[in-house]
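The values are calculated or read from the model by the stated rules, or taken from the named source; none is laboratory data. Computed from a predicted structure; not experimentally measured. So basically every Cβ, Gly included, is an ideal-geometry build from the backbone, and we count neighbours across all protein chains shown.
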Amino acid sequence: MAIRTAIFGHRGYPAQFPENSLAGFDYALAHHIDGLEFDVQLTKDRVPVIMHDEKLNRTTDGKGFIKDYTLAELRQFHLDRGEVIPTLAELLALVGDQDVQLNLEFKTNKVRYPGIEKIVLDMLDTVTLARPVIFSSFYLPSLKACQLLAPDEACCWLTGKPVVNAKAFVTNEHLEGLHLKHYQADIPVTERIWTVDEPAEAYELFQQQVAGIFTDDFMTMTRLRDRMLL
Ligand code: G3P
Ligand code: MG
């Protein structure tokens, strides 16, 4: 039987809404998205917020690093359409107990944010989600820190390069799988692929029965996949 590839909104629904915005997450949830991927960093006062870039410059009307602003200071800046940078707590409240798979990326590969893993895990302990979160990071020590605090959590390493001896790597690092930029054939591990916006590539990946894809346009990809499943 064909595996149904899970479709994750990469930073929410950036094809139609500001990336990593509550408006995009809300729309995606209302349209029954399979999964949401989002990037987490810390403010100066150590509040987890959702933003891809370490700096405000590209996606807001502000400048400088997230780490240099308190949450209250960050709130003066805006994404497109007047959206503000969401906190992780706000996203978790929006999700509630809806049946959606969350993929929380620790955005620690450039700014490290020491202790971010514990702050995030402590916050997750305060809510009841429908499914356990999948954690990912390009920075393997973040996943190690997460595993030390919560050994049973699903952790996936993000990489843009081919992984040699993938099965042994995943086993040795106690990972759930790999989140890859390029599909790797014949590696018996859970693979999710980012960022897939071309229907032809998605079609191939659905045929390969990968566990998941991350896409900027979940509506298009979901329609494509569901047509294939008919
Ligand atoms: O998690 C998949 C993807 O989000 C990784 O790359 O740079 O978009 O966070 P990036
Ligand atoms: Mg990401």
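Side notes on the structure shown:
- Residue check, PRO141 in contact with a Lys or Arg (Cβ under 9 Å, 6 or more places away or on another chain), modelled with pLDDT of 95 or more, more than 22 Å from GLY9 (Cα to Cα) and away from ligand 1 (no atom under 16 Å from the Cβ): yes
- Given (1) assigned to a loop (DSSP other than H, G, I, E, B); (2) surrounded by fewer than 16 Cβ atoms within 10 Å (Cβ to Cβ), index of the condition THR108 fails: (2)
- Residue satisfying all of: in the stretch 39-61; of a type in the set (Asp, Glu) and under 18 Å from HIS78 (Cα atoms); surrounded by the fewest Cβ atoms within 10 Å (Cβ to Cβ) among these: ASP61
- Residue that is nearest to ligand 2 (Cβ to nearest atom), among those in the stretch 23-38 that are touching a residue at least 40 places away in the same chain (Cβ under 8 Å) and surrounded by fewer than 22 Cβ atoms within 10 Å (Cβ to Cβ): GLY35
- Annotation: ILE116 fulfils all but one of (1) touching a residue at least 60 places away in the same chain (Cβ under 8 Å); (2) under 14 Å from the mean Cα position of the chain (by Cα); the unmet one is (2).
- If only residues of the stretch 178-198 that are in a loop (DSSP other than H, G, I, E, B) and farther than 14 Å from ASN165 by Cα are counted, the one that is farthest from ligand 1 (Cβ to nearest atom) is GLU198.
- Every residue from the stretch 1-13 that is under 20 Å from GLN98 (Cβ atoms) and either within 16 Å of ligand 2 (Cβ to nearest atom) or free of Cβ contacts under 8 Å to residues at least 12 places away in the same chain (or both): ALA6, ILE7, PHE8, GLY9, HIS10, ARG11, GLY12, TYR13
- Residues located in the stretch 199-227, provided they are more than 16 Å from ligand 1 (Cβ to nearest atom) and either touching a residue at least 60 places away in the same chain (Cβ under 8 Å) or of a type in the set (D, E, K, R) (or both): GLU204, PHE206, GLN209, MET219, THR220, THR222, ARG223, ARG225, ASP226, ARG227
- Of all the residues in the stretch 142-170, those that are assigned to a helix (DSSP H, G or I) and either within 16 Å of ligand 2 (Cβ to nearest atom) or within 17 Å of the chain's Cα centre (by Cα) (or both) number 3.
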